[in-house]
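This report concerns only the one structure given below.
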Amino acid sequence: MRLPRLPLLSNLAGYRAKWLRNDVSAGLAIAAVGLPSAIAYPAIAGLPPETGLYASVTPLAAYALFGPSRRLVVGPDAPTMTVLAAVLTTVLAVPGVTQDRVAVAALLALVVGALCLIARAVRLGVLATFLSRPILIGFFAGISLSILIGQIDRITGINIEADGLIAPIVELVGKAGSLHWPSLILAFASFALLQVARIAHSRIPGPVLVVAFSVLLSAIFDFEGHGIAIVGEIPQGLPSLTLPSIADLDLHALVLGAGAIFLVSFGSGIIAARSFGAKGDYVVDPNSELEGFAAANIAAGLFGAFPVTASDSRTAVNFTVGGRSQIASIAAAATLMAILVFFGDVLRILPIPTLGAVLAATALSLIDLSALRTIWRISRMEFVFAMIALFGPISFGVLEGVVTAIAATLVYILRKTMFPRDALLGRLSGHEGFYKLHRVPAAQPVSGFTIYMVQGSLLFFNTDYVRARLRTVTNKLPTNTRWFVMDASAIAQVDISAAAMLDEVFDDLSQRGIAFAIAELHFEAREILERAGVLDKIGASMIFEDLDDALLAFEKDEATRGAH
């Protein structure tokens, strides 16, 4: 039996030796850009900084081996970390749980990886588009505000216990006398340097500059001795292979939490993959990406890290420097491994206010005001759903915000399908086919022959609306109407409720002496109506392949009627 070929080997087919220099350079740049976020992001979920470094090593190598994209880079992601923080709080709040946060985070990564494999097996890559773009934009903006609020204690040195958006600010004002000014000044200076580097398009990424300067100043001026919090000891050496235990954990809460992380991380990851796929002129297959994300998360879970997904900043650096393959990810992983082994003492004195500034800048970058303005301009209704998703994490908490975003998505879908458009059709002199009367003023209805078109599936949640529309239309029919034909060309699906509704329509029209016909019925809809007995009741002679056949039959019926 022939074993399947690793995606990395397929991606390296036709690889040229001269590309190796670009890939190694890109790997070094990815490591440089990824180091600050690798140390900062774990703080969002209350995890030690080394877990971020672990999440930037083994997942990169795993995706390089099993991921389909040649240039996508995975790693810690701010929205995913925010959802992870909420899930950890929920899981660890169950009475009797003795596991620490690191072990539970690693276990969640394994479960997320398993969910990716299950979704891949049943081809659920479509879940990547379950949360619409407006809802994701709103949700990420809401998460960014949560991240900003979460940096108050790191930036000010004040312990903030309140949750939400307003309460922490009120608590900060109340404790203003305890403000640690050196921490605040360092945080604002770090944030200002980040913005200057961004505006000036610095060749050295802002986070790299900030981390390097803050470590240097910390060593020179002994920040720790002046009361400024520092990262502290980072275990030197590589992460060890460990299988997290599920003892004492509530599996229901664990799986539900992993599901929320999976949905958000996969949704944001595919958006990143597709945006860079368009830039690199290659097609992204969500189902194939599930394999790469599964490998990355399983590797993260086995080596003491947390759930990861595609990283915008790291992938952007890979493209900018000219990385050509996943060798760049392997080079980045090797660089970060070297930092873990040899430079742990240097990272120990990294000031916490600087990390707070890095996270605050990251959070602000997640608020896409131009996209929100575009949504407002194009669709006010979709803007409302974006706002619902935005205020969900702020008002109810991040995990509940995920549920709110999902609920908003479902309401959005229902809103789009609950009120299908309809139209009456007629003929246009000198032209073939049928035309909507409200759109083509010159079109005229056929005398005695009414054509009604529904533009959408007929399902249980919209049958009452369609029935009401049919009642309105049929009550206004001309007195000479003999046939009422439903154009089913846009009705992809029907269910039992719709079948019962059409049965009632047939009875109502029959009582008025009007024949009911259906044209252009799709196969699946036909099967349902046959099983429900609706087509037998209407009669095979009144079911037509297209509207022209229906009109021809009507004209013959009228001719026969006239002959008698």
For residue 425, which of the numbered conditions (1) more than 17 Å from residue 509 (Cβ to Cβ); (2) within 38 Å of the chain's Cα centre (by Cα) fails to hold?
-> (2)
Filter segment 535-548 down to residues that are without any contact (Cβ under 8 Å) to a residue 24 or more places away in the chain and within 15 Å of residue 499 (Cα to Cα) and give me whichever is surrounded by the most Cβ atoms within 10 Å (Cβ to Cβ).
-> 535
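Against the condition part of a helix (DSSP H, G or I), out of contact with any helix residue (DSSP H, G or I) (no Cβ under 6 Å at 6 or more places or on another chain) and closer than 19 Å to residue 143 by Cβ, how does residue 411 come out, does it pass? Full working, then the answer.
Values: part of a helix (DSSP H, G or I): yes; out of contact with any helix residue (DSSP H, G or I) (no Cβ under 6 Å at 6 or more places or on another chain): yes; closer than 19 Å to residue 143 by Cβ: no.
Considered against the rule, which asks whether it is part of a helix (DSSP H, G or I), out of contact with any helix residue (DSSP H, G or I) (no Cβ under 6 Å at 6 or more places or on another chain) and closer than 19 Å to residue 143 by Cβ, residue 411 comes out as no.
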Taking only pairs six or more apart or across chains, which ones have beta-carbon atoms under 6 Å, a first residue in segment 549-561 that is in the same structural domain as residue 433 (by TED's automatic domain parsing), and a second residue that is modelled with pLDDT of 90 or more?
-> 550/485; 550/517; 550/519; 550/544; 554/449; 554/483
Taking the condition touching a Phe, Trp or Tyr at 6+ places or on another chain (Cβ under 7 Å) and crowded, with 24+ Cβ neighbours inside 10 Å, does residue 112 pass?
-> yes
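Can you name every residue in segment 420-463 that is hydroxyl-bearing (Ser, Thr, Tyr) and touching a helix residue (DSSP H, G or I) at 6+ places or on another chain (Cβ under 9 Å)? Walk me through how you get there before you give the answer.
So in segment 420-463, the residues hydroxyl-bearing (Ser, Thr, Tyr) come out as 429, 435, 447, 450, 452, 457, 463.
Across segment 420-463, the qualifying residues are 450, 452, 457, 463.
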Within segment 157-186, how many residues are surrounded by 14 or more Cβ atoms within 10 Å (Cβ to Cβ), of a type in the set (Val, Ile, Thr) and at pLDDT 95 or above?
-> 0
If only one of 561, 467 is modelled with pLDDT of 95 or more, out of contact with any Pro (no Cβ under 9 Å at 6 or more places or on another chain) and not hydrophobic (A, V, I, L, M, F, W, C), which one is it?
-> 467
For residue 142, work out the one condition from (1) at pLDDT 95 or above; (2) in contact with a Phe, Trp or Tyr (Cβ under 7 Å, 6 or more places away or on another chain) it doesn't fulfil.
-> (1)
Test residue 144 against the stated conditions and say whether it is closer than 13 Å to residue 363 by Cα and in a helix (DSSP H, G or I).
-> yes
All positions within segment 384-406 that are among the aromatic types (Phe, Trp, Tyr), under 17 Å from the mean Cα position of the chain (by Cα) and surrounded by fewer than 19 Cβ atoms within 10 Å (Cβ to Cβ) | 391
Hey, among 492, 515, 519, which residue is in contact with a His (Cβ under 7 Å, 6 or more places away or on another chain) and either at pLDDT below 95 or under 22 Å from residue 557 (Cβ atoms) (or both)?
-> 492
Among the numbered conditions (1) at positive phi; (2) buried (at least 20 other Cβ atoms within 10 Å of the Cβ), tell me where residue 430 comes up short.
-> (2)
Which is surrounded by 24 or more Cβ atoms within 10 Å (Cβ to Cβ), in contact (Cβ under 8 Å) with a residue 24 or more places away in the chain, of a type outside the set (Asp, Glu) and not in a helix (DSSP H, G or I), of 328, 357, 305, 296?
-> 305
Being at pLDDT 85 or above, farther than 13 Å from residue 68 by Cα, among the hydroxyl-bearing types (Ser, Thr, Tyr) and out of contact with any Leu (no Cβ under 7 Å at 6 or more places or on another chain), is that true of even one residue in segment 264-285?
-> yes
So which residues in segment 199-220 are free of Cβ contacts under 8 Å to residues at least 24 places away in the same chain and closer than 18 Å to residue 364 by Cα, if there are any at all?
-> 199, 200, 201
Do we find that residue 293 is at pLDDT 90 or above, under 18 Å from residue 10 (Cα atoms) and hydrophobic (A, V, I, L, M, F, W, C) in this structure?
-> yes
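In segment 157-267, which helices (runs of 4 or more DSSP H) lie fully inside it and hold 3 or more residues that are assigned by TED's automatic domain parsing to the domain that holds residue 340 and in contact with a Ser or Thr (Cβ under 8 Å, 6 or more places away or on another chain)?
Values: elements: 166-174, 181-199, 206-221.
Correct list: 181-199, 206-221.
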How about segment 241-291: which of its residues are closer than 23 Å to residue 303 by Cβ and among the aromatic types (Phe, Trp, Tyr)?
-> 262, 266
Could you please find all residues in segment 423-448 being within 21 Å of residue 466 (Cβ to Cβ) and part of a loop (DSSP other than H, G, I, E, B)?
-> 434, 437, 438, 439, 445
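From the list 444, 455, exactly one residue is surrounded by fewer than 16 Cβ atoms within 10 Å (Cβ to Cβ), in contact with a Ser or Thr (Cβ under 8 Å, 6 or more places away or on another chain) and not basic (Lys, Arg). Which is it? Break it down stepwise before answering.
Working: 455 fails: in contact with a Ser or Thr (Cβ under 8 Å, 6 or more places away or on another chain).
After ruling out the rest, the residue left standing is 444.
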Exactly one of 515, 532, 498 is free of Cβ contacts under 8 Å to residues at least 60 places away in the same chain and within 37 Å of the chain's Cα centre (by Cα), and that one is 498
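The values are calculated or read from the model by the stated rules, or taken from the named source; none is laboratory data. Predicted, not measured: the structure shown is a model, and the values here were computed from it. Reconstructed Cβ throughout: ideal geometry from the backbone, glycine too, with neighbour counts over all protein chains shown.
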